[in-house]
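Just below is one structure, and these are the notes that go with it.
Bear in mind these aren't lab numbers, they're just calculated from the coordinates by the rules spelled out. Keep in mind that what you see is a predicted model, and the values were worked out from it rather than measured. Glycine gets a Cβ as well: all are built from the backbone with ideal geometry, and neighbour counts include every protein chain shown.
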Amino acid sequence: MAADSHDERYLRAMLQPLEVCASYRPRLGQGRGGYTLEQFQTLYRSDPFYSWVGLDNPLMYAAHKAAGGMTSVYRQIGIGCQALFQLVLRDSLALDATDVVWSYETPRPDGSGNRTLYLDGRIPISKIADAGRRATVEAWMRAAASRLNVADAIADELRGIVFEVRQGYKSKDAKRQNADLANAATAYTRAYLPCVAVFSQQIDHDLVARYRGARWAILTGAVGANDRMTSTYDFMRDVVGYDLAAFFQRNRARLKREIDLVLKALLAAETT
C-alpha cells in the first residue's frame, strides 16, 4: 500500500507522546520524581520489613515499572490518537487549529472561580469550505441526532459536532463518566452534537448504553462494518474524507516496532 503524503506527519503525532514511556520510572507512592533501580533498592533496604521479605529484589522494581508503565503506554497512545484526529480534521476539512478544538468554562467545585474544560475535537459545519463535504457532514449529524432521539427543536439548532477521542474506553471511573455526561449536556446547550470516537473496539458495553442514554453518539474501531454511524473508520473515510484505517495498515510495521521498543524498556529491570 503506497505511502500517503501525510503519513510522516501523522506518524509523528501518534508516536511523539510515547517517547516519555520508555524512560518511565515508578514513584512508589512517594509523591516525587520516579525512582531508579538503585534508589528503589536503597529505599526498600532501609525498610526492615521490606528487606526481610525480599521486596528489594530488582524484579519487584521491574514489576512496579511495568505496572505504571503500561498505564502510561495506554495514556500516551490516547494522546497520540487525539493529536492525529485533530490533524486529520484540519487537513481533510480545511479547518484551522482553533476550529478543531472546543472548550467551555464551568464553575470550580470549591467555588474558587471558573475552570476551562476541553474536548478533543470539533467540526464546525459552517467552517467547511467544500459544499459537498459540508453537506455530507451535516447529513451525518442529522442522522446521528435522529438515532439518539434528540428533540427536533434541539436537532434543528445543531451547528457542529464535538468529540471525545479515546484509544479505548473500559474505565469504570464514575467521576470520569459523570464529567463526560456533563460535557454532553453543555455541548447541546452550545448547539453541538457530542460524539465519542474510539480507535479500538475496547469499550465497555455498559458505557455505550449509558452514554447513548445521555445522547452521546458512539463510534468504535470496527473495521469492515461499512457503517458510518457506528464505525470510527467508516466515519473518517466516508464523512470526513480520510481513510484512517488504511493509514494504520500502511504504517503498522513502524508502529509495532516503536511499541516493541517501549515495552522492552519497561519490562526490563535496570542494571545501573
Per 0.36 nm of contour for each residue apart, how much would the distance between Q39 and N226 grow if the chain were fully extended, relative to their Cα-Cα spacing? 62.0 nm
Modelling each spin label as a point 7 Å along the Cα-to-Cβ direction, I'd like the F49/V208 distance in nm, to one decimal. 4.5
Using only alpha carbon pairs under 8 Å that are at least six residues apart, calculate the relative contact order of the stretch 45-168 and give it in whole percent. 25
Run the quick spin-label model on R115 and N57: label points 7 Å from Cα toward the beta carbon, then report their separation in nm to one decimal. 4.1
Which one, Y50, A97, T36, projects farthest toward the positive side of the charge dipole computed for the chain from Cβ point charges (K/R +1, D/E -1)? Y50
Which FRET efficiency value, to the nearest 0.05, do you get for R134 and R257 by plugging their Cβ-Cβ distance into 1/(1 + (r/R0)^6) with R0 = 41 Å? 0.60
Projected onto the charge dipole of the stretch 141-272 (+1 at Lys/Arg Cβ, -1 at Asp/Glu Cβ, origin at the Cα centre), which of I218, A245, A153 gives the Cα projection farthest towards the positive end? A245
Residue order, fewest to most beta carbons within 10 Å, for H205, H64: H205, H64
So which of K172/K256; K170/K256; K65/K256 end up more than 26 Å apart, counting from Cα to Cα? K172/K256
At the level of C-alpha centres, the distance separating the stretch 6-32 and the stretch 71-86, in angstrom, is 9
Which of the listed residues, S171, G78, A143, is farthest toward the dipole's positive end in the chain, when Lys, Arg count +1 and Asp, Glu count -1 at the beta-carbon? S171
For the stretch 7-267, give the magnitude of the charge dipole about the Cα centre (Cβ charges: +1 Lys/Arg, -1 Asp/Glu; no others), in debye to the nearest 20. 320
Classified through the alpha carbon gyration tensor (a ≥ b ≥ c as square roots of its eigenvalues; rounded if a/c is under 1.5, else prolate when a/b is larger than b/c, else oblate), the stretch 1-116 comes out oblate
Once the Cβ-Cβ distance between A153 and Q30 is put in as r, and R0 is 41 Å, what FRET efficiency do you end up with, to the nearest 0.05? 0.15
Pull out a ≥ b ≥ c, the square roots of the eigenvalues of the alpha-carbon gyration tensor of the stretch 110-258, then state rounded if a/c is under 1.5, prolate if not and a/b is larger than b/c, and oblate in the remaining case. oblate
For the stretch 7-267, share of DSSP beta bridges that run antiparallel, in % to the nearest 5: 45
